[in-house]
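Here is the structure we will look at, set down as structure tokens.
The values are calculated or read from the model by the stated rules, or taken from the named source; none is laboratory data. Since we're looking at a predicted model, the values are computed, not measured. In this analysis, Cβ positions are derived from the backbone assuming ideal geometry, glycine residues included, and neighbour counts consider all displayed protein chains.
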Amino acid sequence: MSRGLGAHKHAAERGAVIGIAEGPVVEREGRYFGAALNLTARLAARAACDEILCTAEVARACGQVDGVDPVCRMHLEPDTAPARLPFGDTTYYFCSLACARTFAQAPENYQANS
């Protein structure tokens with residue numbers, strides 16, 4: 001089985017957008033065809049700026065994650081998160097120092113997202 005990875009053709013105009021699906025593909029003369037590639041293009045087209053969308057099958061294959069960055073909503077593992085901030089009775093985990101900084105400037109904007 002091959003995996004498809006697609007990026008929207010206008011990604012440079014609106015930031016990175018990525019779709020990920022899994023399934024068979026066919027290669028002919030250096031070009032690839034298949035339902036998985038069509039699906040990756042559809043996922044990428046629906047993704048917001050700097051967002052990665054994947055199918056439920058791909059998400060299951062990646063395994064369960066325990067945390068969500070309250071700023072960007074990225075799923076992450078608390079044990080390996082690049083940043084963490086205790087606030088009130090909760091410790092928040094972040095994918096980057098930039099997200100932690102954004103949270104620290106206005107935590108009340110993100111508490112409902114956690």
note = Going through (1) surrounded by 12 or more Cβ atoms within 10 Å (Cβ to Cβ); (2) over 15 Å from the mean Cα position of the chain (by Cα) one by one, Asp89 fails only at (1)
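Listed here are the residues, each with its yes/no results for (1) at pLDDT below 85; (2) out of contact with any helix residue (DSSP H, G or I) (no Cβ under 6 Å at 6 or more places or on another chain).
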| residue | (1), (2) |
| --- | --- |
| Ala56 | yes, yes |
| Ala61 | yes, yes |
| Asp66 | yes, no |
| Pro70 | no, no |
| His75 | yes, yes |
| Thr80 | no, yes |
| Phe87 | no, no |
| Tyr93 | no, no |
request  = Give the residues of region 97-114 that are buried (at least 16 other Cβ atoms within 10 Å of the Cβ) and either touching a helix residue (DSSP H, G or I) at 6+ places or on another chain (Cβ under 7 Å) or within 19 Å of Cys49 (Cα to Cα) (or both), sorted by residue number.
outcome  = Cys99, Thr102, Tyr110
key: Glu29 being over 17 Å from Cys72 (Cβ atoms) and touching a Lys or Arg at 6+ places or on another chain (Cβ under 7 Å)   = no
